[in-house]
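Have a look at the structure below before the remarks.
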Amino acid sequence: TVDVSTWQFNYKGPQRMFTGCSGCKNISLMPVVFSDIDLPDNHTQWTLDSMFEGCSSLQSLDLSTWDTRPKADGSFSITSTVQMFSGCSSLTNINFGLNWDTSKLTNVGHMFKDCSSYNEDLSGWNCDLVTYCTDFGINAGFGCNEVNPAVGCSKMPSFPNCETGSGQGPCFPGQDCP
């Protein structure tokens, strides 16, 4: 168990916190209510980019005590999870818990890229504000059809406003938007 409650974060948040921890198999983190942390320089948006990127031995991750809900007044939100779990090829279980909020995310590109063992159901995530979703689950264990990524992706979130590529959306995991 890692206690991050007293850690000082830069203005963008805890990005790259465990990047490259290739020997870690299981990580359990102490409770964090992100909206309660004082952000330097009045920043209101945080990223969780590349937090566990390259943790190739990581099998299980408990984020159930993390509260990522935005503040009611809109003064704080987590907007990006780019490459958060990219390269976690042994990862099979993430406990996101009840307070994992994806409603303000705008960038989830490569989030589960090369997570070949990961196939949990993320279809209940609210990704309506996501505008960049390229390769969200490419080479992951979601069972998507590589020829037609819309087929067999029932465990994936919906990205109705993804506008990468030519900017016409929608986007399906594993390909650029049309």
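The values are calculated or read from the model by the stated rules, or taken from the named source; none is laboratory data. If you're wondering where the values come from, they're calculated on a predicted model, not measured in any experiment. Neighbour counts are summed over all protein chains in view; Cβ atoms, including those assigned to glycine, are modelled from backbone coordinates with ideal geometry. For the accessible areas, the whole protein counts, side chains as well, though only heavy atoms, and no ligand, DNA or RNA atoms are used. Shrake-Rupley method; radii C 1.70, N 1.55, O 1.52, S 1.80 Å.
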Pick from Asn126, Asn148: which is open to solvent by 50 Å² or more (accessible area, probe 1.4 Å), modelled with pLDDT of 80 or more, out of contact with any strand residue (DSSP E or B) (no Cβ under 9 Å at 6 or more places or on another chain) and over 28 Å from Lys25 (Cβ atoms)? Asn126
Which residue pairs have Cβ atoms under 6 Å apart, sit 6 or more places apart or on different chains, and have a first residue in segment 92-109 that is under 19 Å from Leu29 (Cα atoms) and a second that is assigned to a strand (DSSP E or B) and of a type in the set (Gly, Ala, Ser)? Asn93/Ser60
Just to be sure, is Ser86 modelled with pLDDT of 90 or more, open to solvent by 30 Å² or more (accessible area, probe 1.4 Å) and in contact with a Cys (Cβ under 9 Å, 6 or more places away or on another chain)? no
Answer yes if at least one residue in segment 25-48 is under 24 Å from Val130 (Cβ atoms), among the hydrophobic types (A, V, I, L, M, F, W, C) and at pLDDT 85 or above, and no otherwise. yes
Taking segment 94-122, which residues are assigned to a loop (DSSP other than H, G, I, E, B), within 23 Å of Leu58 (Cα to Cα), open to solvent by 30 Å² or more (accessible area, probe 1.4 Å) and not aromatic (Phe, Trp, Tyr)? Gly97, Leu98, Asn99, Asp101, His110, Lys113, Asp114, Ser116, Ser117, Asn119, Glu120, Asp121
For segment 49-83, how many residues are open to solvent by less than 10 Å² (accessible area, probe 1.4 Å), of a type in the set (A, V, I, L, M) and outside any strand (DSSP E or B)? 3
